Amino acid sequence: MMEINCTRRIRSTVSTQALTLLNSESTVGYARAFADRVLRDGARDPVRLAVLVAFAREPSTDEHAALRRFEAAQRTRYESLGDSPDKGRHRALADVCHMLLAANEFVYVD
């Protein structure tokens, strides 16, 4: 019989959890679908909308700038590999969405 109740779980994340989120085909698929949504609903600033949807808050100025730089670098990379501008944009935004889905702020609710 259990005599001690645990009413609060101490946070613990192990490296395999993070690696699973980063390498999971399911997570990649969710990120692509997430990118579809933010491109459809937030064409003016899809990066801002992605943070808003994922974290239920606006991105800070620094976060927004860093994510936009990352998205632009990824888009340039994909286009240099032969993607069309639209496909490169989608793949780059899917990478941003993938990062957001794997972030602690998304995984854990405070």
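The values are calculated or read from the model by the stated rules, or taken from the named source; none is laboratory data. Owing to the predicted nature of the structure, the values given are computational and were not obtained by experimental measurement. Glycine gets a Cβ as well: all are built from the backbone with ideal geometry, and neighbour counts include every protein chain shown. These area figures cover heavy atoms from the full protein model, side chains too; ligands, DNA and RNA do not enter into them. Shrake-Rupley method; radii C 1.70, N 1.55, O 1.52, S 1.80 Å.
Across segment 76-110, the residues whose backbone nitrogen lies under 16 Å from the label position 7 Å along the beta-carbon direction of SER26 are 101-103, 107-108. For segment 10-110, the Cα-based Rg and Dmax, in that order, read 13.7, 47 Å.
Of THR76, THR27, the residue with the largest accessible area leads and the full order is THR76, THR27 (1.4 Å probe).
Sorted on the mean count of surrounding Cβ atoms within 10 Å across their residues, most packed first, peptides 90-102, 59-71 read 90-102, 59-71.
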